[in-house]
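Working notes for the structure below.
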Amino acid sequence: MGFPCEDVVVIREAEAAGEPAEITVSCPDKTGLGCDLCRVILFFGLSIVRGDVSTDGKWCYIVFWVVGRRGSSIRWGLLKKRLLGVCPAVTAASGLYAFYHRQQEMLAMEQQPQVFLLKFCCFDRMGLLHDVTQVLCELELTIRRVKVSTTPDGRVMDLFFITDARELLHTKWRKDETCDQLRTALGESMMNCDIEPASAEIAAYLQASPFLPPPITEEMFILELPEELHSNSSNFSTKNLSVTVDNSLSRGHTLIQIICPDHKGILYDIMRTLKDYSIQISYGRFYSTQNGSCEVDLFVIQMDGKKIFDLNKQMSLCSRLRMELLRPLRVAVVSRGPDTELLVTNPVELSGKGRPLVFYDITLALKMLNIRIFLAEIGRHVIGGREWEVYRILLNDDFDSAASKDKIVDSVTKMLMGWE
């Protein structure tokens, strides 16, 4: 007998403008559930301003208070459906839960989403790539890789490797819906549109590569905190960042306390780090203050149910958390011969899932700067045993590159971090 799914996720919309909406989740627990929920919330353009997490290891109760971007419209019904999708299956017989949970995880590992190739051609214009990305996000189509190039006569050839959260892109009506939405957004500039399943060769092409393109250095992929980031003059200053581990306040749990500046997706960055370390949260509290700082208290245990006593693991975890809170994404502008290239990188979860809306934010920032994109590529690379997403954007040469490089880095960083 199943548990009523409408009771698993309950959303109470804000009663007045400016007030947060409340999302309550009550379901069986699993390692990384908080990370999965935060990823979905981030994908819908919401920021978590407060959170409470409580679990006994079998059942969890989570409450998030969230706010959207100014002027944004949230599809609450769809958000609830997606949140339900990452919650473990619920059965009335608690003794069967572990069995169903293991089956569900094994099935998820075996069934990777099918990759499709979206091809279309249109005439170039300012903000084109962002408008396309916005349509795909609204349709819940995830961009796995993209190849965009501009021909000398002003035509843009776009190749998007995408997966469908609704798993319906193999149907004719879903393909027609996608192309129709793109035609509505692009107007008469769009010449053709085609969607087909990606071949096995293309699927292999999407696998992470161990080789870095020449303009990219391994310095962009470090997970430890560099000494230069201790400078208080940097946007990523450690001045207001504190990550501590305490084993004296709880008999059965390690307390992780974090005080840091706020940024978009901050709770997702904390949760995905703990998920990668296979650390379970028994109780947690998150609060974003009015002055732009965050306070986090997490009582955690390891997978074996014990506290974190190993000093090396404590130091590694704290260093990794500091780095993820200071630089969850890396942004740089480099010269590529006579051209200028924007590079953005971010670590991928060990589960293989990437950070939501990165390409959306990059293209929006460039659109606001009135900078056109000549060539764009999204790829994955394995560096130091860790998988990274790499966004390479070759900028059009119709801007003052000498004066704009710092401005581009600053604007893209602020958009990605939610500081705009």
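The values are calculated or read from the model by the stated rules, or taken from the named source; none is laboratory data. Keep in mind it's a predicted model, so treat the numbers as computed, not measured. Here Cβ is always computed from backbone atoms with ideal geometry, including for glycine, and neighbour counts include all displayed protein chains. Heads up: the accessible areas ignore ligands, DNA and RNA and are worked out on the full protein's heavy atoms, side chains in. Shrake-Rupley method; radii C 1.70, N 1.55, O 1.52, S 1.80 Å.
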(message) Looking for something in a helix (DSSP H, G or I) and either of a type outside the set (D, E, K, R) or exposed (fewer than 14 other Cβ atoms within 10 Å of the Cβ) (or both) - is there at least one such residue anywhere in segment 18-34?
(response) yes
(message) Please determine whether any residue of segment 314-321 is modelled with pLDDT under 90 and not in a strand (DSSP E or B).
(response) no
(message) If I filter segment 139-181 down to residues being in a loop (DSSP other than H, G, I, E, B) and among the β-branched types (Val, Ile, Thr), which single residue comes out as surrounded by the most Cβ atoms within 10 Å (Cβ to Cβ)?
(response) Thr171
(request) Please enumerate the residues belonging to segment 182-195 that are open to solvent by 70 Å² or more (accessible area, probe 1.4 Å) and of a type outside the set (Val, Ile, Thr). (result) Arg183, Glu188, Met191, Asn192
(message) Taking the condition of being over 21 Å from Met191 (Cβ atoms) and more than 20 Å from the chain's Cα centre (by Cα), how many residues in segment 115-166 meet it?
(response) 0
(request) Could you figure out which of (1) of a type in the set (Asp, Glu); (2) farther than 15 Å from Val146 by Cβ; (3) surrounded by 19 or more Cβ atoms within 10 Å (Cβ to Cβ) isn't true of Asp406? (result) (3)
(request) Test Ile393 against the criterion of being open to solvent by less than 50 Å² (accessible area, probe 1.4 Å), farther than 24 Å from Cys35 by Cα and part of a loop (DSSP other than H, G, I, E, B), and give yes or no. (result) no
(request) Would you check which residues across segment 303-361 are open to solvent by less than 10 Å² (accessible area, probe 1.4 Å) and farther than 23 Å from Val412 by Cα and list them? (result) Ile308, Leu317
(message) Checking the conditions here, which among Leu350, Leu311, Leu364 is modelled with pLDDT of 90 or more and within 22 Å of the chain's Cα centre (by Cα)?
(response) Leu364
(message) Can you tell me which of (1) part of a helix (DSSP H, G or I); (2) open to solvent by 20 Å² or more (accessible area, probe 1.4 Å) is the one Arg380 doesn't meet?
(response) (1)
(request) Among what's in segment 182-198 and is farther than 15 Å from Phe160 by Cα and part of a helix (DSSP H, G or I), pick the residue that is farthest from the chain's Cα centre (by Cα). (result) Glu188
(message) Any residue at all in segment 283-290 that's within 23 Å of the chain's Cα centre (by Cα), open to solvent by 60 Å² or more (accessible area, probe 1.4 Å) and either at pLDDT below 90 or farther than 30 Å from Lys407 by Cβ (or both)?
(response) yes
(request) Please determine, by comparing only the residues of segment 95-138 that are modelled with pLDDT under 85 and small (Gly, Ala, Ser), which one is least open to solvent (accessible area, probe 1.4 Å). (result) Ala98
(request) May I ask you to verify whether Ser233 is on the phi < 0 side of the Ramachandran plot, modelled with pLDDT under 95 and open to solvent by less than 50 Å² (accessible area, probe 1.4 Å)? (result) no
(message) Tally up the residues in segment 320-378 that are on the phi > 0 side of the Ramachandran plot and touching a residue at least 40 places away in the same chain (Cβ under 8 Å), please.
(response) 2
